[in-house]
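Reviewing the structure listed below.
The values are calculated or read from the model by the stated rules, or taken from the named source; none is laboratory data. Remember, predicted model here, so these are calculated numbers, not experimental data. Please note: Cβ atoms are built from the backbone with ideal geometry, for glycine as well, and neighbour counts cover all protein chains shown. Only protein heavy atoms, including side chains, enter the accessible area calculation; ligands, DNA and RNA are left aside. Shrake-Rupley method; radii C 1.70, N 1.55, O 1.52, S 1.80 Å.
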Amino acid sequence: MLSSMSKTYSTGAILRWLWKSWKGNRLQAFLNAVIGVMQVAASLSMVWTVKYAIDIASHTAEGNLLIAIGIMGTLILFEFLLNISSVWVRNILGVKAQNRMQRQMLSRILRSEWHGKDSLHSGDVINRLESDVSQVVSFLTETLPSALSVLLMFVGAFAYLYFMDDILAIAVVTIIPVFAVLSKLYVRRMRQLSREVRESDSKVQSLLQETVQNRVLMKTLESEELMVERLGGQHQELQDRVIRRTKFSLFSRFILNFGFAVGYLLAFAWSAIRMYEGTLSFGGMTAFLQLVNRVQGPARNIMKLAPAFVAVFTAAERLMLLEETPLEQQGENHNMKSPCGILFEDVTYAYPDGEENPVIQHLTFDFPAGECTAVLGETGAGKTTLIRLIQSLLRPDSGNIYIYNKVEKIPVSPLTRCNIEYVPQGNSLLSGSIRDNLLIADEKATEEEMREVLRIACADFVFSLPNSLDTLCSEQGGGLSEGQAQRICIARALLRKRNILLLDEATSALDPQTEATLLRNILSANHHTIIFITHRPAVMDYCTNVLRVEKAM
């Protein structure tokens, strides 16, 4: 398991990233803001209406009580409709916004450069794409728009209260600056605690994912209890960090709420004294207490923005890290006419953590166009690295790699990958139907084309299965034998109809007779340049060229 990277970004950098991420989500944010403003107007109108109705009922004011009650009913219905609208916008547009951002992040990951190994565990990446994306979208589309309505509620309620009693209004808000200063200290500590919790949460998901994916291995190694114990250790770390964060949060909330409680008690005492002295009606006292609550409520919510900012800053940092890796070369694919060859000129490559021991050193070799070349060598000699260099998944440290035909010769790049069919080592089928797996190579392929590539790959057994192409398999081809899965993977590559076929130990699970038939089928098409990574000397009988690679010393 690879350890996750950690990096702290400046506040300015995070805010710029959030601003960029807000693009595309502004409709939902605007609608939420409008609904929030209307809720503020309805709430403040309700304060006046309740005061008016109570004053009429207590005979301290003249008016029609039924009309006052009717206005109250209308406002209640209006607030009910606003709440329904808010839920609709949050759920319907919210899921669209979250899905859109997930697609954008996944696209960014898939188009980024790859340097031989990933710095983040796949479980950690999934955790970020789910939890952190949700956190950011919720903040941008709900928390920020609600901040506008909270601010309006505070200003409106304060103005209304000030109009009724300026001394009480000023007394109620004097405590707010004190808590604003304290919130800065709160944010700094809470940000660190939240980052630790999210890191532990990612570790738990990574362990769960890896264990479930390899449960057969765990059974054969009799390691079930060990993995459960490891999960328990990760759970304990997560629990300890959550407890630390919760203690700090509860203490901070206690201080905040205690201050507001004192303010509310003072407001109640002041209004009670005025009512006792006859300078305030019962309706006025009710309005006072409602307004104090509407001043303190937004003030309290403004203070709650601090943990919201902490959470979104933590989530944004984790997503920004996913964008740290530069993008591969982008542009229009360079399709070349068949047949194509691959030429290595004095190529050297070492993985980032092994610079002193190059995997490939000063390699010069021509993989001729239209011919079949076997690449032989012991494990660790660099055979798979050779394939990755051809596909421009890795870039050589020195030297050049070209793809060429009779007309042109250009350096390999992500834009020349379109000329390649590739079958990796092992079982690379995805969960779903066999048809779904084939269509990954060409989503417009006809059933006749799928039948043909399955025949060439000696995988026409598919049509004897009860559901034929619609037969379902689980992760990594569960339900099929290794040999069956390999042949379907070869058929999937052939469905791309490209010039160069890379086979990386792609027939390791096949018996010699099936392997021979498959190779004859592929070679008979006579339009491929084939590069065959293999341990089997018998494959050389079908190859016109051989490259032997040796492990660097």
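Listing for the model above:
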| read-out | value |
| --- | --- |
| Verdict on residue 95 being free of Cβ contacts under 8 Å to residues at least 12 places away in the same chain, in a helix (DSSP H, G or I) and within 28 Å of residue 34 (Cα to Cα) | yes |
| Every pair of residues 6+ apart whose Cβ atoms lie under 9 Å, when the first sits in the range 22-43 and is touching a residue at least 12 places away in the same chain (Cβ under 8 Å) while the second is among the acidic types (Asp, Glu) and buried (at least 19 other Cβ atoms within 10 Å of the Cβ) | 28/142; 29/142; 32/142 |
| Residue match in the range 92-107 (condition: open to solvent by 70 Å² or more (accessible area, probe 1.4 Å), polar (S, T, N, Q) and either modelled with pLDDT of 80 or more or closer than 27 Å to residue 324 by Cα (or both)) | yes |
| Cβ-Cβ under 7 Å pairs, at least 6 apart or on other chains, the range 312-339 side within 25 Å of residue 416 (Cα to Cα), far side open to solvent by 70 Å² or more (accessible area, probe 1.4 Å) and among the aliphatic types (A, V, I, L, M) | 337/407 |
| Single residue of the range 27-59 satisfying the filter (polar (S, T, N, Q) and open to solvent by 40 Å² or more (accessible area, probe 1.4 Å)) that is nearest to the chain's Cα centre (by Cα) | 39 |
| Filter pass, residue 47 being at pLDDT below 80 and β-branched (Val, Ile, Thr) | yes |
| Those residues of the range 155-202 which are at pLDDT 75 or above, closer than 24 Å to residue 316 by Cα and open to solvent by 80 Å² or more (accessible area, probe 1.4 Å), in sequence order | 189 |
| Qualifying residue in the range 290-303 (condition: modelled with pLDDT of 75 or more and in a helix (DSSP H, G or I)) | no |
| Hits in the range 458-475 - residues which are in contact (Cβ under 8 Å) with a residue 60 or more places away in the chain and assigned to a helix (DSSP H, G or I) | 475 |
| Index of the failed condition, residue 421 passing every other in (1) open to solvent by 60 Å² or more (accessible area, probe 1.4 Å); (2) modelled with pLDDT of 90 or more | (1) |
| Checking residue 15 against (1) more than 18 Å from residue 146 (Cβ to Cβ); (2) surrounded by fewer than 13 Cβ atoms within 10 Å (Cβ to Cβ), the condition it does not meet | (2) |
| Counted residues, the range 60-84 - those being open to solvent by less than 50 Å² (accessible area, probe 1.4 Å) and of a type outside the set (A, V, I, L, M) | 3 |
| When residues of the range 438-448 are limited to those that are open to solvent by 60 Å² or more (accessible area, probe 1.4 Å) and touching a residue at least 12 places away in the same chain (Cβ under 8 Å), the one farthest from residue 476 (Cα to Cα) | 447 |
| Odd one out for residue 427 among (1) polar (S, T, N, Q); (2) open to solvent by 60 Å² or more (accessible area, probe 1.4 Å); (3) in a loop (DSSP other than H, G, I, E, B) | (2) |
| Qualifying residue in the range 376-383 (condition: touching a helix residue (DSSP H, G or I) at 6+ places or on another chain (Cβ under 8 Å) and either modelled with pLDDT of 85 or more or not small (Gly, Ala, Ser) (or both)) | yes |
| Index of the failed condition, residue 478 passing every other in (1) open to solvent by 20 Å² or more (accessible area, probe 1.4 Å); (2) modelled with pLDDT under 90; (3) in contact with a Leu (Cβ under 8 Å, 6 or more places away or on another chain); (4) over 25 Å from residue 382 (Cα atoms) | (3) |
